[in-house]
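One structure below.
Each value in this text was obtained by applying a stated rule to the coordinates, not by laboratory testing. Here the structure is a predicted model, which means the values were calculated and not measured. Please note: Cβ atoms are built from the backbone with ideal geometry, for glycine as well, and neighbour counts cover all protein chains shown.
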Amino acid sequence: MPGVLHVYAGPFPAPMGTPALVTQTCRLCAATGADTTLLTYGSADTTSDDTFRFRVVRTPRLPGWTGRRSGPTPHKPLFDLLLVHRLTGLLRDHAPDILHAHHVEALLACVLADPAGRIPLVFHQHALLEPELPTYARPSLSPLLCAAGRIADRTLPRAADHIICLCADSERRMIGHGFPADHISLLRPAVVDIPPSRHTPSSRRSSLTAVYTGNLDRYQNVDTLLRAAALVDRNHPGAVRLRIVTAEAPPSTEPAVPVEYLPHGDFNHAWRCMIDADFAVIPRCLPGGVPIKLVNALAAGMPVIVDRRIGEELVTDDEALLVDAGDPQRIAEAMVAMTDPALRRRLHGGALRAADRLYGAGVAKETLAQIYRTVESSSYRRK
């Protein structure tokens, strides 16, 4: 089997979806029999790299840096330059058979470190930049950032020999941008190494707990969830309480509705905080990706409320409540509907079925192995 060098330009590990998906993919890669290495940022995390079951190589850690956030930060350009420097040295001294770039920053790093394209390059598209970039800046910059993201989505992946998409929507968009369909694979996130405990539905009709797990960046649409919770609290007092499990500090302003903020902690702690709730809400409504929190919630058997645009290609109405998550009234109505114990029991069973159907590790492992076999073929490569 080949030697595969995964490249991720971000904090690792970190309690966010992208680092979790990187971990899952590297473990799947190792399960195919490939010699698996991950190159990523130097970390302030105390987790030992020996726990990952694949080799981890890091850039130098900058003194005083304790960041664990993804997305644009003032320090990110420096970290990315360090990543390119480290990658260039690795390719010179121990060139892998395949490069596997996670997200666009890693793709650019691979191109800069291997400008001649000597090594087959797989691009794992975790998200589309056109809808996501504007969420990191003030609204007045949205048109400019949308345009920049659109250009990046249509041009940067052309540097890769193969593109991995997380959902059919992304796959359709890439084909529409002129990328050859036989150079694109759909590889949904797999359920790998999750805790054995599962959610047990209760028979309560009031005093329920709705849980959101993840970061509070604008693209997650948590503000709309908070407005929905306020509507529920005003019209159905005591029916549902909102729990937010996050690694970030709670907002300093007083919320319009009582919210229980819990620290994310490690994955097992966050998992327990999730399955102890009555149902999960995933308000994100940006196209072009699959929230890892949705994968985890389904695998845990959680009744789930999810945006229709994200969920409709993955789950049926018997497996999740599909709503317009851009509208707080629609989320509020779904939260009230979840007070029906029979509905929660039905969605509990549906979630487990959906997870088995969509996210089995066996199919994902074989798909990944086939991608690697394909890109190693000299006749396949596009460079």
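Details
- Taking amide H atoms as placed 1.01 Å from N in the peptide plane, the amide H of Arg241 lies under 5 Å from those of Leu208, Thr209, Ala210, each 5 or more residues away in sequence or on another chain.
- Cα-based helix-to-principal-axis angle, 328-337 vs the chain, degrees rounded to 10: 60 degrees
- Result for the chain in a Gaussian network model with C-alpha springs under 10 Å: among Ala20, Ala116, Ala181, the largest mean-square fluctuation is at Ala116.
- Between 0 and 90°, nearest 10: helix 361-375 axis offset from the chain longest Cα axis: 30 degrees
- For the chain, the longest principal axis of the C-alpha atoms and the axis of helix 76-93 are separated by about 40°.
- GNM flexibility winner over the chain from Val222, Val290, Val363 (Cα, springs under 10 Å): Val363
- Across Cys110, Cys146, Cys26, mean-square fluctuation computed from a Gaussian network of the chain (C-alpha pairs under 10 Å connected) peaks at Cys146.
- Here the gap between Thr316 and Arg53, fully extended at 0.36 nm per residue and compared with their Cα-Cα distance, gives a gain of 91.2 nm.
- Computed [θ] at 222 nm, helices only, for the chain once each DSSP H run of length n ≥ 4 contributes -39500 (n - 2.57): -12000 deg cm²/dmol
- Order of Glu333, Glu130 - criterion: other Cβ atoms within 10 Å of each residue's Cβ, fewest first: Glu333, Glu130
- Centroid-to-centroid separation of the stretch 268-335 and the stretch 337-379 [C-alpha atoms, Å]: 15 Å
- Once you reduce the stretch 82-130 and the stretch 144-213 to the center of their Cα atoms, the two points are 20 Å from each other.
- Order of Ile175, Ile310 under a 10 Å beta carbon neighbour criterion, fewest first: Ile175, Ile310
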